[in-house]
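Peer 1: A single structure is presented below for examination.
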Amino acid sequence: MTRVVVDVMLKPEILDPQGEAVVNALPRLGAGQVASVRIGKRIELEFTEGTDEKVMREQATEIADKLLANPVIEDFTVRLPDASEAEPTA
Amino acid sequence: MSTVESAGVVDTVGRAQATPDEPQPFAELGLREDEYQRIRDVLGRRPTQAELAMYSIMWSEHCSYKSSRVHFSQFAEKSPKTDRLLAGIGQNAGVVRVSDDLAVSFKVESHNHPSFVEPHQGAATGIGGIVRDILAMGARPVAVMDPLRFGEASHPDTARVLPGVVAGISQYGNSLGLPNIGGEVVFDPCYQGNPLVNALCVGVLPVSRLQNMAASGVGNVVVLLGAKTGRDGIGGVSVLASATFGDDAGAARPSVQVGDPFIEKLLIESCLEMYDAGLITGIQDLGGAGLTCALSETAAAAGLGMRVALERVPLREASMLPHEILASESQERMLLIVEPSKLDEVLAVARKWGVLATAIGEVMPPAADTGPRLIVDWHGATVVDCPPGSLADDGPVYRRPMRPPADRDLVAVDRAETLPRPADAEELKATLLRMAGSPNLCDKTWVTEQYDRYVRGNTVLAQPEDAGVIRLSEESGLGIALSTDGNGRYAKLDPYAGAQLALAEAYRNVAVTGANPIAITNCLNFGSPEDPEVMWSFGEAVRGLADGSAALGIPVTGGNVSFYNQTGMVPIHPTPVVGVLGVLDDVSRRLSSGFANDGDRILLLGETRPELSGSEWAWQEHRHLGGTPPEVNLVAEQALASVLRRAAEVELFSGAHDLSDGGLAQALLESVLRHGVGARVRLPDGLDDFVWLFSESTARAIVTVPRGHEAAVRALCEENDVPWQPLGIVDSKMDGLDVDGLFSVSVEEMREAWQPTLPALFDRSATPAT
């Protein structure tokens, strides 16, 4: 496994205008029971075959902190997807 | 967090009475021991958690102006009386009458600290905040401007901060549909750890629509309008705006706010509809200090009480505690005071625009024994019960110690006039080109092209002109001109003169459009008021501005103070930024810069002296800052403004451009590059060529005079005692600028020097030249 997934979300206390716009549109689709929507982004990093798991985690964390996320207003998680999670449908 | 909240108990007034000795984190909230004791004296008990939060915010430097207030009485004492002034200092923004039925509201504010922590959102919410201030006066916001100051242009952190700030301003302002008509971009190492992001907004209102903040009328309903309340910037005002950044600013990671310009747009339209329908008794925007500030200021302004059911406030996060709701700085909210009979209509207008509106409280009569009280309930239990005036008006006032800098005399004698100068014509030309490419004088298009300058269709002039001009009336052509200026280097050398020089430059920039300057606003950016040298420079700047306002005969209508702009112990240069508003009776007669018509005579108005200390040349070529700044002559500024105004009215000039940073050399270069039309000039006698080109003497402008008007212009100048010098002629066959007997410089050479600086530094999409 050479893939690392980084999920970036706005911190819970930060306003998400995009999410607000979606939640306000949902009643028009008949999905009025949705109370809140938060929108983030998922980034997939493919490391070269055989890279050490610990190295992948460390590098992905550094990449996320310095480039992918804005730590002032966003949180991120780094994970190595397990086998049950589907490969990209390319 | 205190033990009270972690235990899930709400700290009510009853509980505060029962547990008088419970320790409270007042110091962590920025309150001094004696300030905390005063709160206990005011209340006759310990404050509740919510009250402590409210006092800590309202008594912070940012909200209480506790260090600056003693200096501001000068504005009231010295400001000239005028019947144009409809709202002045102490209101959300100044309002001045520009015609029988129209008035203009304008103000500049700082958003320095948030913009350093998170440049994009910090700058964006800075626009949002100043726009709501203008809206709260009853005006429709019509334009914004941004005076910006950053550290060294080539520093890596400037590459982080500047693009973010510019993107934030453009994202919020462009989304709102407001043209950005000017401002400044200045670089100096003193702003490296503390950039200055100031934002100005201007709005227009019929005189009869003027609003005020007082929560008057017992029984009236208190309505919260706009976005839901979340945990945005909790304590942001007292923590963000009053603390200084250490080296590791990232570690604190305070909770910054994210705004939504589309909600703000709906807020603007709904408020304007309510004003026009006469539904609003009082209104206040929620900015820094959120509900705390809005509730206490509206109640205090009316001298009445207020009772609020806090659980009615619509929340983004249900778990929020009373003190968090009161301190939240969530954006895009306004507080309305509405008569009960008009409440349904107000709610209907809000619904139409898709904005939340919630009745959260009621205006109360003063209690017979204790006077007006601000009472906040939380699910039936009282969590705040205090006099609103004690929060809004009776905060601490400090007369901070002031001391002139110890090295003042040494700096004053270290004059730039003695520095080595270009030796020959070849070096003069090289200096002109190097200076034109320097970050402070170079082309700012890379920044301003990211802003929408012409949306709404009323922009007459915008950057790179000296002032922004907006048309207010299509029928009469009535318009306004606005400029903001400030020079931290001048103010560092002499803060009294520095403030007046900023005022003089903004005044002149407005005047060169042909407008009549009528009002002043300001944003005073300084270091820590606890530093006696900073406080001295602040006192001097306020005195300079107040005296300048009196001398020019135009009032200071309001402003903003930003303290604690420093890194460690090192403050920024004192940076008073001054905005001047002018009126143009007919914008079709405004003057713009740039050479355009073949054969026009070029004149230099005003007197040139060998004044180089604090100049762009001294800084750029020698990294020198010493001596005394150019002489201030406000009488000469007024005379120059009279000539420009009169000449614009009777169309004697084809163009005008103010002389300031970089002197005549820079003004000539900009005038040629404006339309790519060349000129042949000859420097007058009497002074060194170098002084003619690079001195920064004030009260000067270059103007172009169509053939046949020379005699009239000469008479006009003589009548007003404005010295003038013939400089040369506009010549479309000349490629660039020919300075007789010295050098010629082509348009191409000038463009290659002037244009690429900012794109090369900040354009990430630019591909390296191959």
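The values are calculated or read from the model by the stated rules, or taken from the named source; none is laboratory data. The model shown is predicted, which means the values in this text are computed figures rather than measured ones. Cβ coordinates were reconstructed from backbone atoms using ideal geometry, including for glycine residues, and neighbour counts include every protein chain displayed. Surface areas here come from the heavy atoms of the whole protein model, side chains and all, with no ligands, DNA or RNA. Shrake-Rupley method; radii C 1.70, N 1.55, O 1.52, S 1.80 Å.
Peer 1: Are any residues in the range A:34-49 in a loop (DSSP other than H, G, I, E, B) and either away from chain B (no Cβ under 14 Å) or in contact (Cβ under 8 Å) with a residue 60 or more places away in the chain (or both), and if so, which ones?
Peer 2: A:V34, A:F47, A:T48, A:E49
Peer 1: Right, next: Evaluate the following for B:L668: is it more than 26 Å from the chain's Cα centre (by Cα) and in a strand (DSSP E or B)?
Peer 2: So B:L668 does not fit the description; no.
Peer 1: For A:E20, are the conditions met, namely being under 24 Å from B:V161 (Cα atoms) and within 14 Å of chain B (Cβ to nearest Cβ)?
Peer 2: Taking the combined requirement at face value, the residue does not satisfy it.
Peer 1: Then there is this: Select from the range B:47-64 the residues that are at pLDDT 90 or above, out of contact with any Pro (no Cβ under 9 Å at 6 or more places or on another chain) and either open to solvent by 10 Å² or more (accessible area, probe 1.4 Å) or small (G, A, S) (or both) and list them in ascending order.
Peer 2: B:S56
Peer 1: So in the range B:641-680, with the set limited to residues that are out of contact with any Lys or Arg (no Cβ under 9 Å at 6 or more places or on another chain) and of a type in the set (D, E, K, R), which one is surrounded by the fewest Cβ atoms within 10 Å (Cβ to Cβ)?
Peer 2: Out of the qualifying residues, it is B:R646.
Peer 1: Then there's this: So, B:R312, is that one under 28 Å from B:D393 (Cβ atoms) and open to solvent by 50 Å² or more (accessible area, probe 1.4 Å) or not?
Peer 2: For B:R312, the condition - under 28 Å from B:D393 (Cβ atoms) and open to solvent by 50 Å² or more (accessible area, probe 1.4 Å) - is met.
Per-residue answers, yes or no, for (1) at negative phi; (2) charged (D, E, K, R); (3) in contact (Cβ under 8 Å) with a residue 12 or more places away in the chain; (4) outside any loop (DSSP other than H, G, I, E, B):
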site	(1), (2), (3), (4)
B:P405	yes, no, yes, no
B:D409	yes, yes, no, yes
B:A412	yes, no, yes, yes
B:L433	yes, no, yes, yes
B:C442	yes, no, yes, no
B:Y454	yes, no, yes, no
B:V460	yes, no, yes, yes
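Peer 1: Also, quick follow-up: Considering the range B:17-30 alone, what residues qualify as being within 18 Å of B:E324 (Cβ to Cβ) and either in contact with a Pro (Cβ under 8 Å, 6 or more places away or on another chain) or among the aliphatic types (A, V, I, L, M) (or both)?
Peer 2: Result: B:Q24, B:L29.
Peer 1: Given the conditions (1) within 14 Å of chain A (Cβ to nearest Cβ); (2) open to solvent by 10 Å² or more (accessible area, probe 1.4 Å); (3) closer than 27 Å to B:C63 by Cα; (4) at pLDDT 95 or above, which single one is not true for B:G226?
Peer 2: The one condition B:G226 does not meet is (2).
Peer 1: Also: Looking at (1) touching a Pro at 6+ places or on another chain (Cβ under 8 Å); (2) open to solvent by 10 Å² or more (accessible area, probe 1.4 Å); (3) within 21 Å of B:A199 (Cβ to Cβ), find the lone condition where B:H573 falls short.
Peer 2: Only one criterion in (1) touching a Pro at 6+ places or on another chain (Cβ under 8 Å); (2) open to solvent by 10 Å² or more (accessible area, probe 1.4 Å); (3) within 21 Å of B:A199 (Cβ to Cβ) is unmet by B:H573, namely (1).
Peer 1: Same structure again: Which residue is farthest from the chain's Cα centre (by Cα), if the candidates are limited to the range B:296-325 and must be over 16 Å from B:V10 (Cα atoms) and among the small types (G, A, S)?
Peer 2: Filtering the range B:296-325 for residues that are over 16 Å from B:V10 (Cα atoms) and among the small types (G, A, S), the one farthest from the chain's Cα centre (by Cα) comes out as B:G305.
Per-residue answers, yes or no, for (1) within 14 Å of chain A (Cβ to nearest Cβ); (2) charged (D, E, K, R); (3) in contact (Cβ under 8 Å) with a residue 24 or more places away in the chain:
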site: B:F72; (1), (2), (3): no, no, yes
site: B:A76; (1), (2), (3): no, no, no
site: B:L86; (1), (2), (3): no, no, yes
site: B:V98; (1), (2), (3): no, no, yes
site: B:D101; (1), (2), (3): no, yes, yes
site: B:H111; (1), (2), (3): no, no, yes
site: B:V117; (1), (2), (3): yes, no, yes
site: B:G126; (1), (2), (3): no, no, yes
site: B:G129; (1), (2), (3): no, no, yes
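Peer 1: Wholly within the range B:87-179, which strands (runs of 3 or more DSSP E) include no fewer than the required count, namely at least 2 residues that are within 15 Å of the chain's Cα centre (by Cα) and more than 27 Å from B:L279 (Cβ to Cβ)?
Peer 2: Counting at least 2 such residues, we get B:102-110, B:140-150.
Peer 1: Go through the residues of the range B:110-118 one by one and say whether even a single one is surrounded by 14 or more Cβ atoms within 10 Å (Cβ to Cβ) and touching a Cys at 6+ places or on another chain (Cβ under 6 Å). Quick ask: steps written out before the conclusion?
Peer 2: Let us first name the residues in the range B:110-118 that are surrounded by 14 or more Cβ atoms within 10 Å (Cβ to Cβ), namely B:110-118.
From what's left, touching a Cys at 6+ places or on another chain (Cβ under 6 Å): B:110.
So far as the range B:110-118 goes, yes, one or more of its residues are surrounded by 14 or more Cβ atoms within 10 Å (Cβ to Cβ) and touching a Cys at 6+ places or on another chain (Cβ under 6 Å).
Peer 1: Give the range A:54-74 a look and list any residue that's out of contact with any Phe, Trp or Tyr (no Cβ under 9 Å at 6 or more places or on another chain) and either more than 14 Å from chain B (Cβ to nearest Cβ) or touching a residue at least 60 places away in the same chain (Cβ under 8 Å) (or both), or say none.
Peer 2: Result: A:K54, A:R57, A:E58, A:E62, A:I63, A:I73, A:E74.
Peer 1: Can you name the number of the only condition in (1) hydrophobic (A, V, I, L, M, F, W, C); (2) in contact (Cβ under 8 Å) with a residue 60 or more places away in the chain; (3) under 23 Å from B:K66 (Cβ atoms) that B:I554 fails?
Peer 2: Against the list (1) hydrophobic (A, V, I, L, M, F, W, C); (2) in contact (Cβ under 8 Å) with a residue 60 or more places away in the chain; (3) under 23 Å from B:K66 (Cβ atoms), B:I554 comes up short only on (3).
Peer 1: Take A:L10 and tell me if it is touching a residue at least 40 places away in the same chain (Cβ under 8 Å), open to solvent by 30 Å² or more (accessible area, probe 1.4 Å) and within 11 Å of another protein chain (Cβ to nearest Cβ). Working first, answer last.
Peer 2: Working: touching a residue at least 40 places away in the same chain (Cβ under 8 Å): yes; open to solvent by 30 Å² or more (accessible area, probe 1.4 Å): yes; within 11 Å of another protein chain (Cβ to nearest Cβ): yes.
Criteria met by A:L10.
Peer 1: Which is of a type outside the set (D, E, K, R), open to solvent by 30 Å² or more (accessible area, probe 1.4 Å), in a loop (DSSP other than H, G, I, E, B) and in contact with an Asp or Glu (Cβ under 9 Å, 6 or more places away or on another chain), of B:P529, B:P610?
Peer 2: Going through B:P529, B:P610 in turn, just one is of a type outside the set (D, E, K, R), open to solvent by 30 Å² or more (accessible area, probe 1.4 Å), in a loop (DSSP other than H, G, I, E, B) and in contact with an Asp or Glu (Cβ under 9 Å, 6 or more places away or on another chain): B:P610.
Peer 1: Applying the selection to the range B:161-172, what residues are touching a helix residue (DSSP H, G or I) at 6+ places or on another chain (Cβ under 7 Å) and open to solvent by 10 Å² or more (accessible area, probe 1.4 Å)? Walk me through it before giving the result.
Peer 2: Taking the range B:161-172 and keeping what is touching a helix residue (DSSP H, G or I) at 6+ places or on another chain (Cβ under 7 Å), we get B:161-169, B:171-172.
Residues satisfying the conditions are B:P163, B:G164, B:A167, B:Q171.
Listed here are the residues, each with its yes/no results for (1) modelled with pLDDT under 95; (2) touching a strand residue (DSSP E or B) at 6+ places or on another chain (Cβ under 8 Å); (3) open to solvent by 20 Å² or more (accessible area, probe 1.4 Å).
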site: B:S73; (1), (2), (3): yes, no, yes
site: B:R84; (1), (2), (3): yes, yes, yes
site: B:V95; (1), (2), (3): no, yes, no
site: B:P147; (1), (2), (3): no, yes, no
site: B:F150; (1), (2), (3): no, yes, no
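Peer 1: Of all residues in the range B:613-639, which are among the hydrophobic types (A, V, I, L, M, F, W, C) and in a helix (DSSP H, G or I)?
Peer 2: B:W617, B:A618, B:W619, B:L634, B:V635, B:A636, B:A639
Peer 1: Could you grab me the full set of residues in the range B:255-295 that are of a type in the set (S, T, N, Q), away from chain A (no Cβ under 14 Å) and either open to solvent by 20 Å² or more (accessible area, probe 1.4 Å) or over 25 Å from the mean Cα position of the chain (by Cα) (or both)?
Peer 2: Correct list: B:S270, B:T281.
Peer 1: Kindly establish whether A:A31 is open to solvent by less than 40 Å² (accessible area, probe 1.4 Å), of a type outside the set (V, I, T) and assigned to a loop (DSSP other than H, G, I, E, B).
Peer 2: Criteria met by A:A31.
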